[in-house]
Amino acid sequence: MTDHTSQTTANEHLEPLLKEFMREIRSDKRKTFILRLLMWTYLIGSSVAFGLFLTSNREEAATTEVPHVAQIDIIGQIKRKGGVAAYPTIDALKKAFESEQAVAIILDMDSPGGSAAQSDLVYRELLRLRSEYPEKPVYAVVGDVCASGCYYIASAADQIVVNRTSMIGSIGVRMDGFDFTGLMDKVGVQRRILSAGKNKILADPFLDMDPVVKAHLEQNILAETHQVFIDAVKEGRGERLKVEEELFTGLIWMGNQAIEKGLADSFGSINTIMRDQGADLEAINYTQRQVRLIDWVTGKAVHLATSIVSDAQTPHLEF
């Protein structure tokens, strides 16, 4: 009886302690949750403010009423989302050409290429603006590489300036995809898909490609787009281009070879262009690049994953 009474008394004293302990735990969890919420709010707010700061600074700089050279970056892969996109680049070009104080335009170029459509949009708009504002020279200044779609755009400039170690060219077209049929055979999985139109699923990575479809893509889509690329380079470079068959096979050349073949004009850099334009001028960057929170926080991981899935399912043309 005494033991039972002692146990009851101990429980009565212990129960409040346990309740208090649980309250403390719940309180700590709430505090942790609140701290995490505040942290993420701060990170998101800071990134948005940082993006607005960059945009506002560039806009303010781009409207400075002093003579300057307008710089526009073509750096990174050319694509509509997450890279050098056509419409922001075109907007930057328009502002640069329309600015009465911009005496010249420099395209700072370092890109392996990318979307055929995005490249062509920028190319054609650059030619139009050059014809409308013939007094403003356009210099394409190449860093490490200016290949494929990057060179497509560069060929519309008045002058292409390179480094001795720059890689230039890669005038060709590609259509990427995957073939998972062997893997599916190994794991015993069959593709089940319904379609109207026998060629609607012409590039499905889970099915064998029909030789007729393959020939159509190579002989029509790829060949025609390749010819568009060739014609654009010939139009942009004019008589400076030493037309040789190997120029259009997708090969690349170093700076000196590129100059010899007429793919580029001279050696130099942004600094040499600035000195040639005038000692009192400064470069103002007109580039409009989207600042994405997902890229800022996690890098390109999510975008890369979605791109791989997209590339596997939907063929697209790239320079």
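The figures follow:
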{"read-out": "Candidates per GluC sites (Glu not before Pro) in the stretch 57-138, loop by DSSP, up to 11 other Cβ within 10 Å", "value": "Glu65, Glu100, Glu135"}
{"read-out": "Value of relative contact order over the stretch 119-265, rounded to a whole percent, pairs C-alpha under 8 Å and six or more apart", "value": "31 percent"}
{"read-out": "Lys200-Arg164 pseudo-label distance in nm [points 7 Å out on the Cα-to-Cβ vector]", "value": "5.9 nm"}
{"read-out": "Net lengthening on full extension, Gln219/Phe180 (0.36 nm per residue, minus Cα-Cα)", "value": "11.6 nm"}
{"read-out": "Whichever aspartates and glutamates have a C-alpha closer than 19 Å to that of Lys19, once near sequence neighbours (fewer than 8 apart) are set aside", "value": "Asp28"}
{"read-out": "Listed residue pairs exceeding 28 Å between alpha carbons, taken from Lys79/Lys200; Lys94/Lys242; Lys81/Lys261", "value": "Lys94/Lys242; Lys81/Lys261"}
{"read-out": "Long-range HN-HN contacts of Ala85 with modeled amide H, under 5 Å", "value": "Lys79"}
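Rule-based calculations on the coordinates, nothing more; no lab input. Just so it is clear, the model here is predicted, and its values are computed rather than measured. Positions of Cβ are backbone-derived with ideal geometry, glycine not excepted, and every protein chain shown enters the neighbour counts.
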